[in-house]
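Asks: Pasting a structure below so you can have a look.
The values are calculated or read from the model by the stated rules, or taken from the named source; none is laboratory data. Values in this document were obtained by computation on a predicted structure and should not be read as measured data. Cβ sites come from the backbone with ideal geometry, for glycine too, and all protein chains shown count toward neighbours.
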Amino acid sequence: MVEPEPDVVLSNLQELEAEAVFVMREVAAEFERPVLLFSGGKDSIVLLRLAEKAFRPAPFPFPVMHIDTGHNFPEVLDFRDRRIRELGERLIVASVQDSIDSGRAVEDGLSRNRLQTVTLLDAIAEHRFDAAFGGARRDEERARAKERVFSFRDEHGQWDPRAQRPELWGLYNGAVRPGEHARVFPLSNWTELDVWHYIAAERLELPPIYYAHDREVFERDGMLYAVSEFLQPAAGEQPLTARVRYRTVGDMTITGAVRSDADDVEAVVAEVAATRVSERGATRADDRTSEAAMEDRKREGYF
């Protein structure tokens with residue numbers, strides 16, 4: 001008599017990885033023209049590793065795309081280009097500056113973050129993408145918590161939280177009508193701490209700004225912003241050199257740093273485990289404009 005195989009008990013991290021890999025394979029099977037959105041940030045770096053787990057040794061069955069505001073951290077752009085070269089994958093860069101130059105978007109302040117929506121929707125239409133992987137997680141912000149793993153957008157690229165499809169028992173309905181597309185979030189059920197545990201377990205390289213370093217910053221509205229060509233201190237704002245790191249990356253004009261001495265993965269994991277404020281709540285000015293700021297942008301077609 002053959003003894004049955006013992007049940008395999010997966011760790012929480014292994015379960016999250018298995019779920020994300022399953023989602024990626026489902027998208028590759030159900031959709032015709034997916035794309036993976038890649039900013040060079042920690043969540044999208046984890047997505048790249050999960051895509052390797054899902055599809056290697058074959059090439060990814062989709063290109064990688066970055067929506068470039070033109071106000072990015074140089075360290076992140078350097079990392080983006082090098083990482084894509086190492087993987088040998090195709091990178092599409094959709095430029096907010098091109099949207100401004102063509103009259104598709106109008107600059108109305110220092111931040112170009114909201115302008116990314118036009119650039120993203122134009123790129124999706126141009127390349128006829130019907131699904132776009134993103135690194136959003138439900139723990140980041142209240143509007144994110146309303147989102148399904150498969151989040152559908154209408155022919156105008158807009159999101160209606162009341163029109164979400166059921167996802168019972170891990171079953172996903174990938175049917176889209178002409179002009180519609182889906183945003184797909186394999187990391188939906190992950191937390192910031194899960195992401196950092198995975199980075200540690202997989203020994204993933206990140207842009208150096210995720211770890212403590214000395215940087216010239218200034219304080220505005222309780223946040224520390226980097227002094228750069230895109231953002232300078234106003235009258236009464238004194239620049240100083242501080243030991244900081246970034247919990248999230250994005251447009252330099254709205255992304256704040258946090259004071260930190262965490263200069264390696266283990267120290268960051270300990271720091272994140274002790275915090276009680278999400279990375280977007282602590283360091284993204286665009287999410288502080290109103291309680292519904294993120295949801296308003298998502299309804300317009302934001303990530």
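Asks: Could you say which residue among 52, 26, 19, 32 is among the charged types (D, E, K, R) and in contact with an Asp or Glu (Cβ under 8 Å, 6 or more places away or on another chain)?
Replies: 32
Asks: Here are the criteria: (1) polar (S, T, N, Q); (2) at pLDDT below 90; (3) more than 24 Å from residue 185 (Cα to Cα); (4) touching a strand residue (DSSP E or B) at 6+ places or on another chain (Cβ under 8 Å). Tell me which single one residue 283 does not satisfy.
Replies: Single failed check for residue 283: (3).
Asks: Run residue 225 past the list (1) crowded, with 20+ Cβ neighbours inside 10 Å; (2) within 23 Å of residue 83 (Cβ to Cβ) and report the number of the one that doesn't hold.
Replies: So the condition that residue 225 fails would be (2).
Asks: Let me ask something else about it. Would it be correct to say that residue 49 is basic (Lys, Arg), within 30 Å of residue 208 (Cβ to Cβ) and surrounded by 12 or more Cβ atoms within 10 Å (Cβ to Cβ)?
Replies: Taking the combined requirement at face value, the residue satisfies it.
Asks: Another question, if that's okay. One residue is enough: does the range 247-265 have a residue meeting the conditions in a helix (DSSP H, G or I), under 21 Å from residue 79 (Cβ atoms) and out of contact with any strand residue (DSSP E or B) (no Cβ under 9 Å at 6 or more places or on another chain)?
Replies: yes
Asks: Moving on to the next point. Residue by residue through the range 191-212, note down the ones that are in a loop (DSSP other than H, G, I, E, B), under 13 Å from residue 43 (Cβ atoms) and modelled with pLDDT of 95 or more.
Replies: 204, 206, 207
Asks: Out of all the residues in the range 89-100, is one or more surrounded by 14 or more Cβ atoms within 10 Å (Cβ to Cβ), more than 21 Å from residue 226 (Cα to Cα), among the acidic types (Asp, Glu) and at pLDDT 95 or above?
Replies: Within the range 89-100, one or more residues are surrounded by 14 or more Cβ atoms within 10 Å (Cβ to Cβ), more than 21 Å from residue 226 (Cα to Cα), among the acidic types (Asp, Glu) and at pLDDT 95 or above.
Asks: For the range 246-274, how many residues meet the condition of being crowded, with 22+ Cβ neighbours inside 10 Å and basic (Lys, Arg)?
Replies: Total satisfying the criteria: 1.
Results for (1) part of a loop (DSSP other than H, G, I, E, B); (2) of a type outside the set (Val, Ile, Thr); (3) on the phi < 0 side of the Ramachandran plot, shown as yes or no for each residue.
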{"position": "26", "(1), (2), (3)": "no, yes, yes"}
{"position": "32", "(1), (2), (3)": "yes, yes, yes"}
{"position": "35", "(1), (2), (3)": "no, no, yes"}
{"position": "45", "(1), (2), (3)": "no, no, yes"}
{"position": "49", "(1), (2), (3)": "no, yes, yes"}
{"position": "52", "(1), (2), (3)": "no, yes, yes"}
{"position": "59", "(1), (2), (3)": "yes, yes, yes"}
{"position": "65", "(1), (2), (3)": "no, yes, yes"}
{"position": "70", "(1), (2), (3)": "yes, yes, no"}
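Asks: Can I ask one more? Among 136, 182, which is the only one that is within 30 Å of residue 15 (Cα to Cα), part of a loop (DSSP other than H, G, I, E, B) and touching a residue at least 40 places away in the same chain (Cβ under 8 Å)?
Replies: Result of the check over 136, 182: 136.
Asks: Any idea which of 219, 237, 180 is acidic (Asp, Glu) and not assigned by TED's automatic domain parsing to the domain that holds residue 259?
Replies: On inspection, the qualifying residue turns out to be 180.
Asks: Next question. Is it the case that residue 105 is at negative phi and either β-branched (Val, Ile, Thr) or touching a residue at least 24 places away in the same chain (Cβ under 8 Å) (or both)?
Replies: Considered against the rule, which asks whether it is at negative phi and either β-branched (Val, Ile, Thr) or touching a residue at least 24 places away in the same chain (Cβ under 8 Å) (or both), residue 105 comes out as no.
Asks: Next question. When the residues of the range 151-189 are filtered to those that are of a type in the set (Asp, Glu) and exposed (fewer than 13 other Cβ atoms within 10 Å of the Cβ), which remaining residue is nearest to residue 139 (Cα to Cα)?
Replies: My answer is 160.
Asks: Something else: What is the number of the single condition among (1) at pLDDT 95 or above; (2) surrounded by fewer than 17 Cβ atoms within 10 Å (Cβ to Cβ) that residue 3 does not meet?
Replies: Result: residue 3 passes all but (1).
Asks: Sort through 244, 272, 249, 265 and tell me the only one that's modelled with pLDDT of 95 or more and in contact with a helix residue (DSSP H, G or I) (Cβ under 6 Å, 6 or more places away or on another chain).
Replies: Matching residue, one of 244, 272, 249, 265: 265.
Asks: Would you say residue 93 is β-branched (Val, Ile, Thr) and either part of a loop (DSSP other than H, G, I, E, B) or more than 23 Å from residue 250 (Cα to Cα) (or both)?
Replies: no
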